[in-house]
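Heads up: the structure comes next, in structure tokens.
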Amino acid sequence: MIPKDGLDDGRPMLVLVGAPGAGKSTVGRRVAEQLGVTFVDTDLFIEAESGMSVSDIFVTLGEPDFRRREEEAVAGALRTQRGVVALGGGAVLSAATRSLLAGHRVVWLRVSMSEAATRVGMNTARPLLLGNVRTTLSSLLEARSPLYEEVSSAVVDTSDRKLREVIADVTALATGGTAADAARADRNAADG
């Protein structure tokens, strides 16, 4: 079962989307810690529920089975989670998921292809990135960026930035701030 916080608006405080290597899990976990709320990574939830790694689900059961599980996990998280939720990079491929994200505070952690490739390297836990990582990431970013943009209410670029700067931006957005507040937080983090 996905854990609940005591927040009372019935929705997650924040949902993070973005490509593999954007920092969704790292940033989400740190923002949740700072805000004293729970954190759920839907990929980890899928793994816990299925008793298999995402990679094993892809290999054994296939991508369509994984995407079905992902849709269910995201729907459950959006329904029950009150803290910070990080979605898998491909969750936005589902029209049903995109529809469910409407009205939520969704932050797209945008990352450049070169930065994402550096961060994910040859990570075999990311089944869609096996083989030529740069070419695959480039294709993923091209296909998914319009979808990330469609569902997001704010964008925070994570490329060539310090983790604390990204966390400051996302925390500002999670607490009801605007993109301007996030930019101010970024400038203050850089000055401090």
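The values are calculated or read from the model by the stated rules, or taken from the named source; none is laboratory data. Just so it is clear, the structure is predicted and the values come from calculations on it, not from any experiment. As a convention, Cβ positions derive from the backbone with ideal geometry for all residues, glycine included, and neighbour counts pool all protein chains shown.
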*Unmet requirement for R30, which otherwise passes all of (1) surrounded by fewer than 22 Cβ atoms within 10 Å (Cβ to Cβ); (2) of a type in the set (K, R); (3) within 26 Å of S159 (Cβ to Cβ); (4) at pLDDT below 95*: (4)
*Please list, ordered by first then second residue, the pairs with beta carbon atoms under 7 Å, 6 or more apart or interchain, first in the range 34-52 and of a type in the set (D, E), second surrounded by fewer than 20 Cβ atoms within 10 Å (Cβ to Cβ).*
D41/S25; E47/S53
*asked:* For the range 1-27, give me the residue count where each residue is modelled with pLDDT under 85 and among the β-branched types (V, I, T).
replied: 1
*So which of V31, V37 is in a helix (DSSP H, G or I) and not small (G, A, S)?*
V31
*Could you look through the range 140-181, keep only residues that are surrounded by fewer than 20 Cβ atoms within 10 Å (Cβ to Cβ) and β-branched (V, I, T), and pick out the one that is modelled with the highest pLDDT?*
V155
*Do any helices (runs of 4 or more DSSP H) lying entirely in the range 54-116 carry at least 3 residues that are closer than 19 Å to G28 by Cα and not β-branched (V, I, T), and which ones are they?*
63-80
*asked:* Being at pLDDT below 95, of a type outside the set (V, I, T) and buried (at least 20 other Cβ atoms within 10 Å of the Cβ): is that true of G131 here?
replied: no
